[in-house]
Structure formats: structure tokens, C-alpha cells
1. Based on the Cβ-Cβ distance of Glu4 and Ile77, what FRET efficiency does E = 1/(1 + (r/R0)^6) give at R0 = 22 Å, to the nearest 0.05?
2. Tell me the accessible surface of Ile77 in square angstrom (1.4 angstrom probe, heavy atoms of protein chains only), to the nearest ten.
3. Using a 1.4 Å probe on the protein chains only, how many percent of the accessible area of the chain belongs to carbon and sulfur?
4. Given a cut-off of under 8 Å on Cα pairs at least six residues apart, what relative contact order in percent is computed for segment 65-185?
5. Give a residue-ordered list of calculated ³J(HN,Hα) values for segment 10-25 (Karplus: 6.51 cos²θ - 1.76 cosθ + 1.60, θ = phi - 60°; whole Hz; x for Gly, Pro).
6. Would you mind checking the tilt of helix 187-216 against the longest principal axis of the Cα atoms of the chain, expressed as 0 to 90 degrees and rounded to 10?
7. With Rg and the Kirkwood Rh both taken from Cα atoms, where does Rg over Rh land for the chain?
8. Quick one: work out Rg over Rh on the C-alpha atoms of segment 9-58, Rh as Kirkwood radius.
Amino acid sequence: MILEPIYLYCGRTGSGLWEEPLSLVASFAFVAVAVQVWRSAGELRLLRVMAGLIFLLWPAGLWLHFLPSPLAVGADIGPILLLVLTCFYGVNRDMVGLSRSMAAVCTLLILPFAAVSLPLIALLHGAAGSAAYVPLPVLLLGYAAVLRPERPDTARGLLQAALIMVVAIVARAVDLPLCGVWPLGTHFLWILGTAVLLWYLARVYRRHMLAGLAGGG
């Protein structure tokens with residue numbers, strides 16, 4: 001059962017390896033972003049961890065779009081979840097200024113928050129398939145509001161990141177509804193939007209950390 005082929009996205013019409021060419025090509029964007037984040041990381045260890053997890057999205061995405069199955073979905077979700085937790089841990093620890101233990105606790109609280117919000121989000125027309133991702137831009141907007149008084153540049157960056165993610169989620173959500181008029185689907189735009197989001201979040205984090213070092217000096 002876990003290897004049984006499944007049809008998740010508009011672009012896939014058969015069980016062949018090359019049924020989702022646009023999504024396959026788009027997945028290589030994660031390689032480019034991972035390399036860029038690694039090169040820009042310097043002494044920022046969290047960015048190096050992010051770069052490694054971003055790179056893992058590439059083989060996971062290739063598996064999902066070459067041979068989609070429940071097992072492939074699980075392999076894709078794993079690095080995504082780790083990456084989400086890593087990013088928000090960095091926000092809690094290094095942007096909000098929480099201790100490591102409190103940052104970890106607040107980061108893990110994202111999971112029950114998402115679980116509680118999923119049924120409500122699923123009520124939105126066309127949002128059910130992307131409901132798991134909707135809480136993330138909401139959280140980014142919340143952190144932007146908290147940081148705005150003292151770190152307006154960082155808050156602006158998180159706000160812009162939230163907007164990027166909303167656009168990407170919309171591209172994911174309209175994939176199946178628009179399949180009749182656009183058979184190639186829009187899932188590849190979700191992949192590209194996610195890659196841009198990760199690059200931009202890494203940039204916001206790096207800029208925040210460098211500004212803190214400059215201020216401390």
C-alpha cells in the first residue's frame with residue numbers, strides 16, 4: 001500500500017516517471033537555494049543546518065514527482081517539517097531573544113497550533129489540500145507584529161516572507177481546480193515559490209544577525 005501510485009497533482013496523468021516534468025525541473029531550485037544559503041552562512045550554524053535541510057528537499061521532491069506514493073509523501077514531509085521547526089527555532093531564539101529551552105518549547109507549540117487550526121482552514125473553499133501550510137504565514141505575521149517596535153527591518157522581512165508564502169500557497173491550492181483549463185498544473189509554481197521563500201527567510205535571518213553583531217560592537 002505504501003508504494004501504491006497516487007495522483008496528487010494536476011500535471012500527473014499516468015504512472016510514468018516523466019509525468020510531472022515541470023515539478024521535476026522546479027525541484028532543482030532547492031539545490032540552487034541550498035548552495036546559496038550555505039555560501040552565505042559564514043559562522044551562522046543555523047543557516048548551515050537550513051542549507052542541509054533545503055538540499056534534502058531536492059531528492060525528496062524528485063522521488064515524490066517521479067514515483068508518487070504514500071511512502072514518497074512521507075519522505076517529502078520529513079525534511080519539510082524539520083526545516084519548518086528549524087526556521088521557527090531560529091526566529092524564537094535569535095530574533096525574539098528567547099533562551100534555547102524556551103525557543104525549543106515555543107517552536108514545538110507550532111505543532112498543536114497547526115493541528116487545531118487545520119479544521120477551520122479546511123472550511124475555506126479550495127484550501128483543504130494546502131491547509132497544513134496556512135498557519136505558517138499567519139505565524140510569520142504574528143512574529144512580524146511582535147518584532148516591529150524594536151526591529152522594524154526584521155519585521156518587514158518577515159512580513160514580506162509571509163506574503164511570498166501566501167502567493168506560493170495560492171499556487172498550490174489552485175492546481176487541481178484549474179486543471180481543466182491549465183492541464184500542466186500550477187504545483188511547480190508552489191515549488192518555486194517555496195524555494196524563493198526559503199532563500200528570502202535565510203537572507204532576513206542573516207541580515208538580522210549581522211545587524212545585531214554590528215550593534216553589539
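1. Working: r = 17 Å, r/R0 = 0.78.
The formula returns an efficiency of 0.80 here.
2. 90
3. Working: 8410 of 11560 Å².
Ligands and nucleic acids excluded, carbon and sulfur reach 73 percent.
4. On the way: 74 pairs, mean separation 19.6, N = 121.
After rounding, I find 16 percent.
5. Ordered by residue, 3J(HN,Hα) equals 4, x, 8, 10, x, 9, x, 5, 10, 7, 10, x, 5, 5, 4, 5 Hz.
6. 10
7. On the way: Rg = 17.8 Å, Rh = 18.1 Å.
Taking Rh as the inverse mean 1/r over Cα pairs, Rg/Rh reads 0.98.
8. Numbers: Rg = 14.5 Å, Rh = 12.2 Å.
Checking Rg against Rh, the ratio lands at 1.20.
The values are calculated or read from the model by the stated rules, or taken from the named source; none is laboratory data. Just so we're clear, the structure is a prediction, and the values are computed from it rather than from any experiment. No Cβ is skipped: glycine too gets one built from the backbone with ideal geometry, and neighbour counts run over all protein chains shown. Ligands, DNA and RNA are excluded from the accessible area calculation, which covers all protein heavy atoms including side chains. Shrake-Rupley method; radii C 1.70, N 1.55, O 1.52, S 1.80 Å.
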